[in-house]
Amino acid sequence: MTNFDQAVLLLIILVPLAGALLSMFLPRGRSEDAWYFAIFVSAITLVLSVVVFARYDFGAGGYQFVRTYEWLDAPLNIDLSLAMDGIAAPLVLLNGIVLFGAVLISQTIKHRTRDFFVLLLALGSGVYGVFVVQDLFFLFFFYELAVLPMYLLIGVWGSSTDFGSFMRTKEYGAMKLMLFLVAGSVLIWIGILALYVAAGQAGSPTFSIEALGELARAGHFSPAFQNWVFPLFMIGFGVLAGLWPFHTWSPDGHVAAPTGVSMLHAGVLMKLGAFGIIRVGMVLLPEGAAAWMPVLIVLGTVNVIYGAIAALSQRDLKYIIGYSSVSHMGYVLMGIATLHPVGLTGAVLQMFSHGIMTALMFAMVGAIYERSHIRDITVLNGLMKRMGTASFFFAVAGLASLGLPGLSGFVAEFMVFTGAFRTYLPLAVLAVIGAAITAVYILRLLARTFFGEADPRWEHLTDASPVEKTVGAAFALILLFVGVWPAPLTRVINTGVESVLLLF
Amino acid sequence: MPGLTDNLYLLTPEFALAGLAFLVFIIDLLLPEERKDLLGWLSVAGLLGVVALSLVMLPGKEATLYGGLLAVDGYSLFFKVFFLGLGVFIILSSIDYVKLHLNHPGEFYGLLLFSILGMNLMAQSRELLTAYISLELLSFSLYVMVAYALNNAKSNEGSLKYIIIGAFSSAILLYGISMVYSALGVTRFEGISAALSSITDLRPALWVGLALIMVGLGFKLAAVPFHMWAPDAYEGAPLPVTAYLAIASKAAAFALVLRLLSEAFVPAADRWDQWQIIVATLAALSMLVGNLVALAQRNLKRLMAYSSIGHVGYILAGAVALSTDSLLGANGIIFYLVGYSITSIVVFAALIAFFNATGQEEIPDLAGLADRQPFLAMAIAVSFFSLGGLPIFVGFTMKFYLFTAVANAGYLWLAGLAIFTSLVSLYYYLQVIRQMYIQPALAAPATDAADGPGEHPPAEPESEHTHTPSHHEPSGDYEPLPRPSALLLVVMVLGLVAVVGLGVYPAPLLELVEGASAAILPGG
């Protein structure tokens, strides 16, 4: 192993964190400087993410880039152990891409710019951390680090929505998101402590995921124990994954957030939840997971249908995307719950694909809102004429989300459906119906808002800025690339999925 | 049996501290009124001198003095340095405040030094009456300090409550001590544990006595249901004294309780462990009541009072994890005390700076602070995130450590309750952060100073048709606050560095903590 391989995962966490700390010392007021610096930092992490993904040896599989740093001695014994497997690899890549895109898109942030990027980079660091650590203490540490900046990011830089009869203020969205997510982490924390105590009763109290996994395989965690602890993780992480009925923070939070934050949040942060269910719930508590999967798949199906129907009835562009995220995270949860190699691979691929597509949608909606100051689809129409490029990229993302073959969404959803058809046929049928509803709301949106008749009211709108076009084009190309040739992702994901499913 | 005066030189730091306090009182008489802030600097220099003296003289020393009344060991050394350090930072944060708002600075610093002496002795006491006298030395200084704002009705009300309830709780404590003595014939901690392990029947007098001691100490800690004096005393006291009450006096009371539990009760836990249930109940009540009532507060001092009651609950919960097998619980408590104290110092230094600049102390007064004085807002936000238990700050790490200890001792429900109430606390901390960062500053008064060097908040997108954040358009004009004084800046910057540093890498501190807890729990 080269020196680079040994240090890369630590670098990938520390670079954005160090960037955040250094940003604090930039001179106040010059907003471009903070932006350039954040671009510089996130470009480094993007390169690191791409390199580490490319260097992951899918032939060998398993955990790679393993490195352990001692952090705290006995009696608590916590090490910072880093490693990346086939499930984490695409998500690390995803975070690199979306973080870079979100920083670019945030060119429009002119108010307290420096503080904004400090928080955004800290968030990015937290997300990387969750994906690559192998210790429950640090997993939770980075999980909370990813949640913490959200309150200020939404509350300070977000926007409120007027529904006519009532307001959904940004403070409301920020506080709701924060309290839901922290309530979820209360359950996770209790679950972690329960695991620690159970490991202690088995003779070796530890937070190490590897050591706990060995105890689990050796049968030290009784089925009764697993059956009450697994739901703590399922619901706790599920809150962040948008699991119905704990999803209500998600549309409100996404809508209130500024564009770059919506991209990161819907694009990457929600994946932390699903990832946590796999990494902690399934790996450490396989019997509990097996017992609870029927519940999870039912809830996941409700997510798909409920999210789609809710999106159907929204008038605000961002709410439509917000509910569509809830719906698409349902596929992820369903894929996980199938415990089937194809379904689970589809779930992870869907995390990647949805991360890119939803980030793209939020970026383009942000570009539209920036110019029109309105997101009401009954008022906006014919945008294709005025903002051709932005509309085009939005359309690409929309088509990916309704599962058009040739774009990434199709491959992922198809795999999830395949897994579900083999395990829970009736629910799979319902989920396909959900996909059909998705087609209705996306196509209706495209037809009216983007390809409808041009409206003189929107004469003044200018097309996307070069930065927005760049981000749009890059993300759209990724969607196309994965849709046409998913193998570079799936072969990596497969290795991770197989080793998880060995436990079942 | 060692004589009463053997090893007396080991108390040199205490004698030096008492001498320093008298020196401050005497020099106070000689200084002209406008030079009195020299006394603050003298106290700081003296305290640093005593820290240095202790660090040179005491490491590695293990001895008991006065026939077992006082201990000189790793535990007392740790807390000595800790309390003296707290004293330094509290004085540094109060020098400006005292100059601006208080009369009689000489007595203020002198009393503060005497109370620190009391705190040091509390961490050293190994006998109930000695502990009681040390506690009273602290309390009497505090009674005066709480009443320091003579002309303020709230200060008088708070201090009156504090004195009456303090005296009442001292009486309860003494009564408990006398009943324990009547039942066991000893008042030394090790004697109590030996007697508890050997006696055949636990007489009601012993039960009542131990329970009364706990009640008396519960008053001093402001644990629910013995907390009602705290919010009034906190609100009435001058801000530096509030800080001192919330941080130092609490830490000292815990230093005493921790030694008492570890040396008197824990070794006899296999015979008599009901104290754990009492402590767990007090802990659960304190967490719940403190954090829930804090939700309704408008005054920053009262908010800190209730929040500190909540934190007392967490620390008390850690007490159930004390055991002779594992240092996890003792480490957790001491780590929490240190982390909580450092974080609170930052909060109070920032509040003092805010008060010095504006004379305000209500939560809504903080509106727009992020624009008016960004550093202050950042300091408060960071320390509130830390108190709320979020990484990368020490609050997260110390809570994780302590709650793990509680869960590991078989009290998963208590750890769960602690985690849940920690979520509740995050809500009211966020409300303050919301005032500072999201609410626009209140419009500047008629004398418009906004043309100064301060930045205007950039206007949000001008015309928002249907999506108008109508109810809080940026007001545009606000009054930038003057920079906090260099002293307070130094305190806050050092505090923030420690808050982040200990949150990310607590290992060096925990090594020291472990030395301290090993001294009181030798089996662990």
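The values are calculated or read from the model by the stated rules, or taken from the named source; none is laboratory data. Just so we're clear, the structure is a prediction, and the values are computed from it rather than from any experiment. No Cβ is skipped: glycine too gets one built from the backbone with ideal geometry, and neighbour counts run over all protein chains shown. Note: areas computed on protein heavy atoms with side chains; ligands, DNA, RNA excluded. Shrake-Rupley method; radii C 1.70, N 1.55, O 1.52, S 1.80 Å.
Some notes on this structure:
- Ellipsoid semi-axes in whole angstrom, largest first, where each is sqrt(5λ) of the Cα gyration tensor of chain A: 35, 26, 21
- Cα-based helix-to-principal-axis angle, A:170-201 vs chain A, degrees rounded to 10: 10 degrees
- Karplus-derived 3J(HN,Hα), 6.51/-1.76/1.60, for each residue of segment B:178-186, Hz, glycine and proline x: 5, 5, 4, 5, 5, 7, 10, x, 9
- Relative packing of A:474-480, B:293-299, which averages over residues the other C-beta atoms within 10 Å, highest first: A:474-480, B:293-299
- Three-way shape label, segment A:332-471, alpha-carbon gyration tensor, a/c 1.5: prolate
- Think of each Lys and Arg Cβ as +1 and each Asp and Glu Cβ as -1; about the Cα centre, that makes the dipole of the protein assembly as shown roughly 1260 debye.
- Note that segment B:336-353 has calculated 3J(HN,Hα) couplings of 5, 4, 5, x, 4, 5, 5, 4, 5, 4, 4, 4, 5, 4, 5, 5, 5, 4 Hz, one per residue in order, obtained from phi through the Karplus relation 6.51 cos²θ - 1.76 cosθ + 1.60 (θ = phi - 60°); glycine and proline are x.
- Put simply, the amide H of B:R271, placed in the peptide plane, has no neighbours under 5 Å, leaving out anything fewer than 5 places away on its chain.
- Shielding value for A:406-419 is 0, the average number of Cβ atoms from other chains within 10 Å of each residue's Cβ.
- For the segment A:183-192, counting C-beta atoms of other chains within 10 Å of every residue's C-beta and taking the mean gives 5.
- Helical runs (DSSP H, four residues minimum) scored at -39500 (n - 2.57) apiece and divided by the length of the protein assembly as shown put the mean residue ellipticity at 222 nm at -23500 deg cm²/dmol.
- Folded to 0 to 90 degrees: helix B:274-294 orientation relative to chain B principal axis, Cα: 10 degrees
- Amide N proximity, segment B:355-385 versus B:L100 label position 7 Å along Cα-to-Cβ, cut-off under 12 Å: B:355-361
- Estimated distance in nm for a label pair at B:V208 and B:K61, the labels positioned 7 Å out from Cα along Cα-to-Cβ: 4.2 nm
- Dmax and Rg, reported as Rg then Dmax, of the protein assembly as shown (C-alpha, Å): 30.2, 102
- When only Cα pairs below 8 angstrom with a gap of at least 6 residues are kept, segment A:32-130 shows a relative contact order of 37 percent.
- Chain B - percent relative contact order, Cα under 8 Å, separation 6 or more: 15 percent
- Toward the positive end of the charge dipole of chain B, with +1 on the Cβ of Lys and Arg and -1 on the Cβ of Asp and Glu, the farthest Cα among B:G236, B:I342, B:L128 is that of B:L128.
- Chain B shape via C-alpha gyration tensor axes, a/c threshold 1.5: prolate
- In terms of packing, defined here as the mean over residues of other Cβ atoms within 10 angstrom, the peptides B:389-397, A:345-353 line up highest first as A:345-353, B:389-397.
- Solvent-accessible area buried by pairing A with B, both sides, nearest 100 square angstrom, 1.4 angstrom probe: 4800 Å²
- In this simple spin-label approximation, B:N152 and B:A486 carry label points 7 Å from Cα along the Cα→Cβ vector, and these lie 2.8 nm apart.
- Label point at A:A224 placed 7 Å out along Cα→Cβ; residues across segment A:188-205 whose backbone nitrogen lies under 18 Å: A:194-195, A:197-202
- Residues of segment B:64-86 with amide N under 15 Å of the 7 Å Cα→Cβ point at B:T324: none
- Accessible area per residue in Å² at 1.4 Å probe, computed on the protein assembly as shown: 32 Å²
- Extending 7 Å from Cα along the Cβ direction at B:L512 and again at B:D6 yields two label points whose distance is 3.1 nm.
- Share of carbon and sulfur in the accessible heavy-atom surface of chain B [1.4 Å probe, %]: 66 percent
- Cα-based values for segment B:272-355, radius of gyration first and Dmax second, are 14.9, 50 Å.
- When the alpha carbon gyration tensor of segment B:165-235 is reduced to an equivalent ellipsoid, its three semi-axes come out at 28, 10, 10 angstrom, largest first.
- Segment B:40-98 - percent relative contact order, Cα under 8 Å, separation 6 or more: 44 percent
- Taking the longest Cα principal axis of chain A as reference, the axis of helix A:341-372 is set at about 30 degrees.
- Here the Karplus curve 6.51 cos²θ - 1.76 cosθ + 1.60, taken at θ = phi - 60°, turns the phi angles of segment B:501-511 into couplings of x, 6, x, 8, 9, x, 3, x, 5, 5, 5 Hz, with x standing for Gly and Pro.
- Across peptide B:365-372, the average count of Cβ atoms from other chains found within 10 Å of a residue's Cβ is 1.
- Three-way shape call for segment B:109-179 based on the alpha-carbon gyration tensor, with the a/c threshold at 1.5: oblate
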